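Heads up: the structure comes next, in C-alpha coordinates.
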Amino acid sequence: MDLSNMSSADLRNLQEQVKHELKQRESQDLAKAREQILAIAQSVGVPLKDLVGGAGSARAKTGSVAPRYRNPADASQLWTGRGRQPKWVKDWLESGKDIAGLKV
(Lines give C-alpha, C1' and ligand atoms only; values in the text may rest on other atoms or scores of the structure.)
Protein backbone atom coordinates (compact mmCIF):
# COMPACT_ATOMS: atom_id res chain seq x y z
CA MET A 1 0.00 0.00 0.00
CA ASP A 2 1.53 3.29 -1.11
CA LEU A 3 0.55 5.97 1.39
CA SER A 4 2.25 8.80 -0.45
CA ASN A 5 -0.44 8.79 -3.17
CA MET A 6 -3.35 8.94 -0.69
CA SER A 7 -5.19 12.15 0.13
CA SER A 8 -5.30 13.54 3.66
CA ALA A 9 -8.94 12.50 4.00
CA ASP A 10 -8.11 8.95 2.90
CA LEU A 11 -5.22 8.81 5.37
CA ARG A 12 -7.46 9.99 8.24
CA ASN A 13 -10.04 7.39 7.27
CA LEU A 14 -7.36 4.71 7.23
CA GLN A 15 -6.11 5.89 10.60
CA GLU A 16 -9.60 5.51 12.09
CA GLN A 17 -9.93 2.06 10.59
CA VAL A 18 -6.59 1.06 12.10
CA LYS A 19 -7.63 2.38 15.54
CA HIS A 20 -10.89 0.46 15.35
CA GLU A 21 -9.15 -2.74 14.28
CA LEU A 22 -6.56 -2.40 17.04
CA LYS A 23 -9.28 -2.03 19.68
CA GLN A 24 -11.03 -5.14 18.39
CA ARG A 25 -7.83 -7.17 18.36
CA GLU A 26 -6.83 -6.02 21.82
CA SER A 27 -10.21 -7.08 23.22
CA GLN A 28 -9.92 -10.42 21.41
CA ASP A 29 -6.40 -10.95 22.77
CA LEU A 30 -7.57 -10.08 26.27
CA ALA A 31 -10.49 -12.52 26.04
CA LYS A 32 -8.16 -15.23 24.74
CA ALA A 33 -5.70 -14.60 27.58
CA ARG A 34 -8.51 -14.81 30.16
CA GLU A 35 -9.66 -18.12 28.69
CA GLN A 36 -6.13 -19.52 28.83
CA ILE A 37 -5.64 -18.38 32.44
CA LEU A 38 -8.97 -19.88 33.45
CA ALA A 39 -8.09 -23.16 31.73
CA ILE A 40 -4.72 -23.31 33.51
CA ALA A 41 -6.30 -22.51 36.88
CA GLN A 42 -8.94 -25.20 36.39
CA SER A 43 -6.36 -27.77 35.28
CA VAL A 44 -4.38 -27.37 38.51
CA GLY A 45 -7.44 -26.98 40.71
CA VAL A 46 -6.87 -23.39 41.80
CA PRO A 47 -9.89 -21.10 41.98
CA LEU A 48 -9.51 -18.12 39.68
CA LYS A 49 -10.41 -15.67 42.44
CA ASP A 50 -7.37 -16.87 44.40
CA LEU A 51 -5.17 -15.89 41.47
CA VAL A 52 -6.85 -12.57 40.76
CA GLY A 53 -7.64 -11.62 44.36
CA GLY A 54 -4.00 -11.76 45.36
CA ALA A 55 -2.99 -8.82 43.18
CA GLY A 56 -3.63 -6.20 45.84
CA SER A 57 -2.18 -8.25 48.69
CA ALA A 58 1.34 -8.29 47.24
CA ARG A 59 2.08 -5.11 49.16
CA ALA A 60 2.52 -5.66 52.86
CA LYS A 61 -0.11 -3.99 54.95
CA THR A 62 1.33 -2.23 57.93
CA GLY A 63 -0.28 -0.80 60.97
CA SER A 64 0.27 2.63 62.39
CA VAL A 65 3.80 3.91 62.73
CA ALA A 66 5.23 4.37 66.19
CA PRO A 67 5.86 7.99 67.19
CA ARG A 68 9.50 9.06 67.07
CA TYR A 69 9.20 12.56 68.52
CA ARG A 70 7.43 14.01 71.57
CA ASN A 71 6.73 17.61 72.52
CA PRO A 72 8.62 18.25 75.78
CA ALA A 73 6.08 20.93 76.77
CA ASP A 74 3.07 18.63 76.17
CA ALA A 75 3.74 14.89 76.31
CA SER A 76 0.42 14.14 74.59
CA GLN A 77 1.71 15.66 71.33
CA LEU A 78 3.56 13.04 69.29
CA TRP A 79 4.89 12.93 65.73
CA THR A 80 5.99 9.90 63.70
CA GLY A 81 8.50 11.85 61.64
CA ARG A 82 6.38 11.40 58.53
CA GLY A 83 4.39 14.01 56.70
CA ARG A 84 4.30 17.69 57.57
CA GLN A 85 6.05 18.79 60.70
CA PRO A 86 3.72 19.91 63.48
CA LYS A 87 3.98 23.51 64.63
CA TRP A 88 5.71 22.53 67.85
CA VAL A 89 8.45 20.76 65.86
CA LYS A 90 8.90 23.77 63.57
CA ASP A 91 9.08 26.10 66.58
CA TRP A 92 11.65 23.82 68.21
CA LEU A 93 13.85 23.79 65.09
CA GLU A 94 13.48 27.55 64.48
CA SER A 95 14.72 28.23 68.01
CA GLY A 96 18.02 26.60 66.94
CA LYS A 97 17.58 23.33 68.81
CA ASP A 98 18.35 19.93 67.32
CA ILE A 99 15.49 17.55 66.50
CA ALA A 100 17.34 14.85 68.44
CA GLY A 101 16.14 16.58 71.59
CA LEU A 102 12.58 15.56 70.73
CA LYS A 103 13.29 11.84 70.23
CA VAL A 104 11.09 9.49 72.21
Dividing the helical contributions, -39500 (n - 2.57) per DSSP H run of n ≥ 4, by the residues of the chain yields a 222 nm value, nearest 500 deg cm²/dmol, of -16500 deg cm²/dmol
Cβ-Cβ FRET estimate between Ser27 and Arg84, R0 fixed at 41 Å, reported to 0.05:
0.35
Calculate the FRET efficiency for Glu16 and Ala66 from the Cβ-Cβ distance with a Förster distance of 41 Å, rounded to the nearest 0.05.
0.10
Counting all C-alpha pairs of the chain, share separated by more than 22 Å (%):
67
List the lysines whose Cα lies under 26 Å from the Cα of Lys23, skipping any in the same chain that are fewer than 8 positions away.
Lys32
Hey, with R₀ at 22 Å, roughly what FRET efficiency would Asp98 and Ser76 work out to, going by the Cβ-Cβ distance, to 0.05?
0.50
Set of aspartates and glutamates with alpha-carbon distance to Lys90 below 16 Å, sequence-local pairs under 8 removed
Asp74, Asp98
Give the accessible surface of the chain per residue, rounded to a whole number of Å², with probe radius 1.4 Å and ligands, DNA and RNA excluded.
85
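The values are calculated or read from the model by the stated rules, or taken from the named source; none is laboratory data. The structure displayed is predicted, hence computed values, not measured ones. Reconstructed Cβ throughout: ideal geometry from the backbone, glycine too, with neighbour counts over all protein chains shown. These accessible areas exclude ligands, DNA and RNA; they are computed on the full protein's heavy atoms, side chains included. Shrake-Rupley method; radii C 1.70, N 1.55, O 1.52, S 1.80 Å.
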